[in-house]
Amino acid sequence: MPYWAFAWPGGQVLARFLLDQPQWVRGRRVLDFGSGCALEGLAAALQGASVLCADLDPQAAGLARRNAQANGVTVETTTEDLLGRDVDAEVILAGDACYEPALAQRVLPWLTAQAARGVRVLVGDPLRVPGALDGARRLSTYDASFDGDPRGLTVWPTHVLTL
Ligand SMILES: C[S@@+](CC[C@H](N)C(=O)[O-])C[C@H]1O[C@@H](n2cnc3c(N)ncnc32)[C@H](O)[C@@H]1O
């Protein structure tokens, strides 16, 4: 399945976290980075955030818009690569954006730089890359369905962390 065709564990736990704790995003400008199907971005939009879903894949952008419509919310989308740029967002959601070492090495310094600018960064991650998120603060842990297993027969403990 393509990466945008299902909710990854990181996206699942961010969505659950935001539905449980709307104060993190309510009324804020939110960037869903590496949005895929955009489950976490939709959760933020449902809680009253204005959401930009960023994914390099145009099919992911189209799916994010369709999923938003199906859930009665609106999201903006972009296929621009925002890595390395300062973003106009108050909150960044990064669901499973560090699923392999090379990507984690590019994404985490940028997320850390955005956090240093005062952007609230929420990462959803099952810690696939050992050590990559050692410096992050854990906010919550949930059992999430393994990649592409929507029935939840295999679950992974997956964390919501902030940088
Ligand atoms: C593992 S999927 C996670 C999707 C979603 N966040 C979730 O948790 O279900 C990672 C996504 O990041 C996207 N991606 C990778 N590098 C990116 C970049 N530099 N900018 C935007 N999206 C990127 C991929 O196209 C893919 O859809």
If exposed means no more than 13 neighbouring beta carbons inside 10 Å and the site is in a DSSP loop, what's the longest run of the chain without any exposed trypsin sites (Lys or Arg not before Pro)? 27-84
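Hey, any idea what % of the chain's accessible area is carbon plus sulfur with a 1.4 Å probe?
Result for the chain: 50 percent of the exposed heavy-atom area is carbon or sulfur.
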Rounded to the nearest 10 Å², the accessible area of residue 80 at probe 1.4 Å: 100 Å²
Please compute, for the alpha-carbon atoms of the stretch 3-162, the extent along each of the three principal axes and give them in descending order in Å. 40, 37, 30
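Where does the chain land at 222 nm, in deg cm²/dmol rounded to the nearest 500, when only DSSP H runs of n ≥ 4 count, each adding -39500 (n - 2.57), divided by all residues? Don't skip to the answer; put the middle values down first.
Values: 4 runs with 49 residues, N = 163.
-9500 deg cm²/dmol, from helical runs alone.
Taking Cα pairs under 8 Å and at least six residues apart, what relative contact order does the stretch 1-42 come out at, in percent? Walk me through the numbers on the way to the answer.
Values: 31 pairs, mean separation 23.5, N = 42.
Relative contact order of the stretch 1-42: 56 percent.
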Whole-Å distance linking the alpha carbon centroid of the stretch 1-19 with that of the stretch 21-72 is 11 Å
What value does the stretch 1-85 have for Rg/Rh, both radii from Cα atoms and Rh as Kirkwood defines it? 0.94
Net charge within 14 Å of residue 65 by Cβ-Cβ distance, Lys/Arg positive one each and Asp/Glu negative one each, not counting residue 65 itself? -3
Rounded to the nearest 10 Å², the accessible area of residue 79 using a 1.4 Å probe with every protein chain kept is 70 Å²
Can you tell me the Rg and the Dmax, both Å, for the Cα atoms in the stretch 82-142? 11.1, 31
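The values are calculated or read from the model by the stated rules, or taken from the named source; none is laboratory data. No experiment lies behind these values; they were computed from the predicted model shown. All Cβ positions, glycine included, derive from the backbone under ideal geometry; neighbour counts span all protein chains shown. Surface areas here come from the heavy atoms of the whole protein model, side chains and all, with no ligands, DNA or RNA. Shrake-Rupley method; radii C 1.70, N 1.55, O 1.52, S 1.80 Å.
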